[in-house]
Amino acid sequence: MATILVIDDDAFLRQLATGLLRRSGHVVVQAASAGEGQARLAESLPDLVLLDVELPDRSGLDLLDDLKAGLTCPVVLMSGNGSPSDRDAALARGAVDYIVKPFPPGDLAARVAAALPGAAE
């Protein structure tokens, strides 16, 4: 299937997302910070990045700006803030989806599958 980079400082959520995505057949690479995520991206390019908005070392939105400048894969943002204005701002900055935490487990797998390149074909 696809390689997905999960960048989230919450170890429980990162492990939950990893387990769900692996059960869907994906290869998952994990990072606990923006810096670690950038290091993983330098090692290999994923098919999709699942990115938390609130990271300890940098805003996920700022990282999204950098990723969209040099990365062609889709980026799905995750946040505990579900306000429509935050969601709209994230989508305007280039995210392909915005998932509000906590999320039902089935939603994550379905929304990642829909965001992957070739999903609409």
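Out of all DSSP beta bridges with both ends in segment 1-72, state the antiparallel percent to the nearest 5.
Values: 1 of 10 bridges.
In segment 1-72, DSSP labels about 10 percent of beta bridges as antiparallel.
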Item to check | Charge dipole (the chain, unit charges on Cβ, about Cα centre) - positive-most of Gln38, Ala114, Ile99 | outcome: Ala114
Checklist outcome for this item: P(r) of the chain over all Cα-Cα pairs, 10 Å bins starting at 0, rounded to whole percent, reads 14, 52, 32, 2
Checklist entry - Can you give the net charge of the other residues whose Cβ lies under 15 Å from the Cβ of Val29, counting K and R as +1 and D and E as -1? => result -2
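In debye, nearest 20, what is the charge dipole magnitude of the chain about its Cα centre with +1 on Lys and Arg Cβ and -1 on Asp and Glu Cβ, if you could check?
Details: 10 positive and 17 negative charges, 68 e Å.
Value, rounded to 20: 320 debye.
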Checklist entry - Accessible area per residue of the chain at 1.4 Å probe, in Å²? => result 48 Å²
Next on the checklist: What is the percent carbon and sulfur in the accessible area of the chain, measuring with a 1.4 Å probe over the protein chains and ignoring ligands?
Outcome noted: 53 percent
Next on the checklist: Using alpha carbons only, how many angstrom separate the centre of segment 78-101 from the centre of segment 1-76?
Outcome noted: 15 Å
Checklist entry - If you stretched the chain out fully between Arg93 and Asp107, how much longer would it get, using 0.36 nm times the residue separation minus the C-alpha to C-alpha distance? => result 2.8 nm
Next on the checklist: Looking at the chain only, what percent of DSSP beta bridges run antiparallel? Nearest 5 please.
Outcome noted: 5 percent
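The values are calculated or read from the model by the stated rules, or taken from the named source; none is laboratory data. Computed from a predicted model, the values in this text were never measured in an experiment. Cβ: placed from backbone, ideal geometry, glycine included. Neighbour counts: every protein chain shown. The area values use the complete protein model at the heavy-atom level, side chains included, leaving out ligands, DNA and RNA. Shrake-Rupley method; radii C 1.70, N 1.55, O 1.52, S 1.80 Å.
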